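Report on one structure; see the data block that follows.
The values are calculated or read from the model by the stated rules, or taken from the named source; none is laboratory data. What you see is a predicted model, and the numbers here were worked out from it, not measured in a lab. When we count neighbours, we look across all protein chains shown, and the Cβ atoms used for this are built from the backbone with ideal geometry, even at glycine. The protein model used for the area step is the full one, side chains on, heavy atoms only, and it has no ligands, DNA or RNA in it. Shrake-Rupley method; radii C 1.70, N 1.55, O 1.52, S 1.80 Å.
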Amino acid sequence: SSLKIMENGTDGELSDFIEFQVENGAEYLDLNAAMCTDEIGTAKRIADLIITKGECGIAVDSPSEKAMEEILSYIDGRCNVIINSITTTERSGNIALAAKYKAGIIAVLTDDGGSPDTAQKRLENADSIISRLRKAGIDDDKIYIDVIAETAAVEDQAAKVALQTVRLVREKYENVHITCGHSNISFGLPERKVLTRAFFSAAEVLGMDAP
């Protein structure tokens, strides 16, 4: 439904959708138009509507480095921006873009093997990524570490490992932000709201500040 609104909806429908998100506390909206026929044109159109609200930043998300740069250039200086995302092995070109546009950047702690199954290994991936970002001149308060929340319906240790990773990253890096798709944890399970709230409460206590 979001894709349909993006491509075919009126500016009024898009504006209402954005306003709903902002009124309910969103500080950034993830903007990914990669599935649209005209990715860059659609992204620019939606960026204009978000910026018009004047209260919300944009997390620019695209698998195309070329599209990413064109969108970043278009919105440069008009609102707060985060680049979504890099991993230990993928989308390394986004590091240079983050430095160039003074943007925040989300770093997902996956590697060639996918999601590490221990918090210690995820911390090692965080060490590697943060080191690269610092060398590129990106300050810690511009770094958003995604500790990876996987659904507990498939992996029974998912919540435990994610929470342990939050604790380890926060203990070692005081000024980075910590994030994840925290509602992923309850996907496919009953009482999703209860499970999601419980996971978020624990993550917040341990140091997550940007879910």
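Summary table below
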| quantity | calculated |
| --- | --- |
| Rounded percent of accessible protein surface that carbon and sulfur make up, the chain, 1.4 Å probe | 48 |
| Lys/Arg +1, Asp/Glu -1 at C-beta; the stretch 68-193 dipole; positive extreme among S186, G77, A159 | G77 |
| Helix 39-53 vs. the chain, principal-axis angle (Cα, 0 to 90°, nearest 10) | 90 |
| Restraint check, K100/K142; K142/K172; K53/K102; K53/K100; K102/K142; K102/K172, Cα-Cα greater than 18 Å | K53/K102; K53/K100; K102/K172 |
| The chain - share of DSSP beta bridges that are antiparallel (%, nearest 5) | 5 |
| For the stretch 1-103: relative contact order, % (alpha-carbon pairs under 8 angstrom, 6 or more apart) | 22 |
| Check: the chain dipole with +1 on Lys, Arg Cβ and -1 on Asp, Glu Cβ, in debye | 440 |
| Helix-only [θ]222 nm of the chain, DSSP H runs n ≥ 4, -39500 (n - 2.57) each, per residue, nearest 500 | -15000 deg cm²/dmol |
| For the stretch 1-119: span of alpha carbons on each principal axis (Å, largest first) | 44, 30, 29 |
